[in-house]
Amino acid sequence: MDTGGIARFARARRDFMRNKLLYLMLIPATAYVLVFSYIPMGGLVIAFKNYNYQAGIWGSAWVGFQNFRFLFLSNKLWFLTRNTLLYNLTFITIGMLLEVSFAIMINELGSKYFKKFFQSFMFLPYFISWVVVAAILQVVFGYEVGLLNNFIEAMGGERFNIYSSAKYWPFLLVLFRVWKSTGYGSIIYLATITGIDQELFDAASIDGANIWQKTRYITFPCLTQTMIIMFLLALGQAFRGDFGMFFQLIGSNAQVLETTDILDLFIYRALASTADIGMASAAGLYQSVLCFVTIMVVNGVIKKTRPDYSLF
Amino acid sequence: MSEWTVKTKRGIAQRDKIAFNAMGYMLVAIFGLMCVMPFYVILVASFTSEGSLMRNGYSLFITEFSVEAYKLAVRSPIRIFWAYRNTICVTVIGTSISVLISTMTGYVLQRKDFGARNVFSFFFFFTTLFNGGLVPWYILCVRYLGFKNNYLALLMPLMFSVWNMIIAKSYMTSIPFEITESAKVDGANDVRVFFQLILPLCKPLIATLGLFAALAYWNDWFNSMLFITKEEKMSLQYFLQQMINSMQALRQMVSMGANISITGTLPLETMKMAMTVVATGPIVLLYPFVQKYFVKGLTIGAVKG
């Protein structure tokens, strides 16, 4: 045991002497990750403290699990967790469905010109910030002058105000999420499709397979691995909402929070009010643990059943 | 199978192909137009007079041409200049550093002769599985690193991403190790091998990572919101958000009947659109030029890390 340790140490030392420059090249990234990722992990101790700005992280008093007790007793935690998870699962499934469908359709398009043109259109939303998307939301769905309301009124209908009725929002959020990321996401699948051996399709054609059969039995199975990897990557963040989108589209509009409030908004509000920093950080720890457990369990199961599909 | 059945089967396959393509053209066209339409409407609205916009609402055509909104939007050009200056500087500096660190780290981590490869890979990868969350990170930045109203607050948080490093690593795995090996036999050291031999082979990778980083910097408002209170240090997107919010508040006051004589004449709605055009324009204009690399680069990203 001890000699094994010594041997390992000697090996590490030899490696260090030989690859000094490689270690040097690793310094910037290592330092960055240490400071901005690992130190905040240590900073999670404030979830167990009554944080006080003057005293700092170390000077603040320990309060045990009090922050967690407040968090769990606030009655909101289950609601927020459910919202966060359901929104993410909806984004993943609908997003993936559209991305894969569009990738398959774009691949079959004959006209190169059309393909290029419309593909660039589909990318465009990926390039803008959620601030601009929020402006677009008002242009399309705004109450007084929005495109949709103008159209509805011209058709003889009633104008509706999305900013005061919570029921429209799950739909709107999914719509804008899909709008922004489908063009970008479909490229990844398109790349996989282009990599499929063309002989498979030719052989299937000779055997009389039609386009639906080729899609179902050749294209789709070839995409499964990419789909599972994308799904797992998204699942690792399943309890972390897209703060940028929710914050910019909803902001502080309390009237629609009953259908749109997520953990990330809750944490931000607690941080901004500065009174609940301990609880905000307890919620952050709760969120991180949920994500970590989810990805470890799911990846573990996949590794047991289908090893080549696992993430790590 | 008789010749006849083969022919019919081919005929059916052909017909299905046409149906499939018709559907494909239609859906792609609809979705593509949905993606580009809002940009067009915003552009049109920014050149429409406020009165006409308020009467007729947003539309696909300019009903009453006016550049009033732009005139007002650039009436205090110094504020827009600050926002532009900050965002451009941070984007250029941040993107260069980000690309350099990601590629350098990725290169080292895929070197087969580097003994601590797995230890360091795990060290980086673990941060994608677990993190401390917003609060400790925020306290670290404000209380211990002094990010409040500091340009570092716009630069540092987006400077390194483990995902970009993983993309770099998987791309470089496809470069033959013999290049490194033979160069080292000839007496070149690791730093020289990386800069003079490996980096020139990574142009698509550099373009991709550069684009990812540039987009992240250009579209950043979050760090300004958290750390910046002085207007001359805000990023462009956050400045835009502030403008839109204040105009929204003004309009609400107008519709509630407050002081109509002053604010009622301001082209608030069209000015909002003009500001959006000003803040989004450069990145959209840049788009056709980088698109080629973008597609190629995403293909790189698709290769699993």
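None of the figures in this text is laboratory data; all of them are computed from the coordinates on show. Keep in mind it's a predicted model, so treat the numbers as computed, not measured. Glycine gets a Cβ as well: all are built from the backbone with ideal geometry, and neighbour counts include every protein chain shown.
Stretching the chain fully between residue A:86 and residue A:114 yields a gain of 6.4 nm (0.36 nm per residue, less the alpha carbon separation). Residues in region A:244-254 carry Karplus couplings, in order, of x, 5, 4, 5, 6, 7, 9, x, 9, 6, 5 Hz; the curve used is 6.51 cos²θ - 1.76 cosθ + 1.60 with θ = phi - 60°, and Gly or Pro positions show x. Helical runs assigned H by DSSP (4 residues or longer) give chain A a calculated mean residue ellipticity at 222 nm of -22000 deg cm²/dmol, each run adding -39500 (n - 2.57) before division by the residue total. With K and R counted +1 and D and E -1, the other residues having a Cβ less than 9 Å from that of residue B:190 yield a net charge of +4.
The radius of gyration of the Cα set in the protein assembly as shown, together with its Dmax, comes out at 27.0, 90 angstrom. Each residue, residue A:274 and residue B:29, gets one label point 7 Å from its Cα in the Cβ direction; the gap between the two is 5.8 nm. Between residue B:181 and residue B:92, the modelled labels are 4.3 nm apart [label points 7 Å from Cα along Cα→Cβ].
To the nearest 0.05, what FRET efficiency results for residue B:8 and residue A:213 with a Förster distance of 25 Å applied to their C-beta separation?
Numbers: r = 16 Å, r/R0 = 0.63.
Calculated value: 0.95.
Each residue of region A:7-21 was assigned a 3J(HN,Hα) from its phi angle through the Karplus expression (A = 6.51, B = -1.76, C = 1.60, θ = phi - 60°), giving 4, 4, 4, 5, 4, 4, 5, 5, 4, 5, 4, 6, 10, 3, 5 Hz with x at Gly and Pro. The sum of -39500 (n - 2.57) across all DSSP H runs of n ≥ 4, divided by the residue count of chain B, sets its helix-only mean residue ellipticity at 222 nm to -23000 deg cm²/dmol.
Give me the extension gain from residue B:119 to residue B:173: residue separation times 0.36 nm, minus the current Cα-Cα distance, reported in nm with one decimal.
17.7 nm
The lysines whose alpha-carbon is closer than 25 Å to the alpha-carbon of residue B:230, local same-chain residues fewer than 8 away aside, are B:71, B:148, B:272. Distances between every pair of Cα atoms in region A:1-105, grouped in 10 Å steps from 0 to the bin holding the largest one, split as 11, 16, 20, 21, 24, 8, 0 percent. Spatially, region B:21-78 and region A:178-242 are offset by 35 Å when compared through their Cα centroids. Between B:190, B:16, B:220, the GNM of chain B built on Cα springs shorter than 10 angstrom shows B:16 fluctuating the most.
Please give me the summed charge of the neighbours of residue B:90: other residues whose Cβ is under 11 Å from its Cβ, Lys and Arg +1, Asp and Glu -1.
Values: positive: B:85, B:233; negative: B:220.
Value of the local net charge: +1.
A simple count of charges around residue A:52, restricted to other residues whose Cβ falls under 14 Å of its Cβ and scoring Lys, Arg +1 and Asp, Glu -1, yields +1.
How many percent of Cα pairs in chain B exceed 24 Å?
Values: 31508 of 46360 pairs.
Percentage above 24 Å: 68.
Taking amide H atoms as placed 1.01 Å from N in the peptide plane, the amide H of residue B:48 lies under 5 Å from those of B:66, each 5 or more residues away in sequence or on another chain. In terms of the Cα gyration tensor, with a ≥ b ≥ c the square roots of its eigenvalues, is region B:152-244 rounded because a/c is under 1.5, prolate because a/b exceeds b/c, or oblate? Prolate is the answer for region B:152-244, as a/c is 1.5 or above and a/b outweighs b/c. Note on chain B: with a GNM built from Cα contacts shorter than 10 Å, the maximum mean-square fluctuation among B:118, B:245, B:219 falls on B:118.
Net length available on complete extension from residue A:205 to residue A:306 is 33.3 nm, with 0.36 nm assigned per residue and the Cα-Cα distance removed. Partner lysines whose Cα lies under 19 Å from the Cα of residue B:184, excluding those fewer than 8 positions away in the same chain, are identified as A:20, B:112. With a Förster radius of 41 Å applied to the beta-carbon distance between residue B:195 and residue B:151, the computed FRET efficiency rounds to 0.90. Phi-derived couplings, Karplus 6.51 cos²θ - 1.76 cosθ + 1.60 at θ = phi - 60°, listed residue by residue for region B:53-61: 5, 5, 6, 9, x, 5, 8, 8, 10 Hz, with x used for Gly and Pro.
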